[in-house]
Amino acid sequence: MCFVAWDKNTNFSVDVVGPLHRQTHQRSATTTRRHVFTIDISKDMIQHNYQLVLPPEASNYLSRSKEYMIVDRGRGRLYEWMITMNNGLSCVVKSWIQYLADRHLKPGDEVVFFYNFDQHLWEVLYRKQVKWNQEKDEADST
């Protein structure tokens, strides 16, 4: 299933219709996720292994202990990203640096954080920067 939206502030409400175990009629199940914040990857972030400083609005969606955030990496794989306090700010260090390296993210890429209310976990997606070959495009247009 693939969803396409015009911008990152789009909310999708998905209805999956099908009978549940021993259910005689169909019932829709919905799931909701909310965009919480977006990080633009910078050159300094990559070169200096900067920690991820969580914005204040993210604290509304952290676990009760506020010591970790549960991240859905897809295909049923869940990870705990440990949260540390640095100068009074909630930060993620090791898991964030590993995430950037594993995905080969570069300056100009974006990482988007959604919170899934039904499963009480974070969904982290990345969007690679599109680099256009202007010389090739100009040659094709002539």
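Numbers below:
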item	result
Distance violations [Cα-Cα > 18 Å] among 43/131; 106/131; 106/128; 43/66; 94/128	43/66; 94/128
If the convex hull is drawn through the Cα atoms of segment 33-129, its volume per residue in Å³	98
Residue order, fewest to most beta carbons within 10 Å, for 36, 53	53, 36
About the Cα centre, charge dipole magnitude for segment 33-129 (Lys/Arg +1, Asp/Glu -1 at Cβ), debye	200
Fewest-first sequence of 59, 65, 95 by Cβ atoms within 10 Å of each Cβ	65, 59, 95
Under 5 Å, built H, 5+ apart or other chain: amide partners of residue 119	none
Amide H contacts under 5 Å for residue 36, placed H, 5+ residues apart	113, 114, 115
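Values in this text are rule-based calculations from the coordinates and carry no lab data. Since the structure is predicted, the reported quantities are computational estimates derived from the model, not experimental observations. Here the Cβ is made from the backbone with ideal geometry for all residues, glycine too, and neighbour counts use every protein chain on show.
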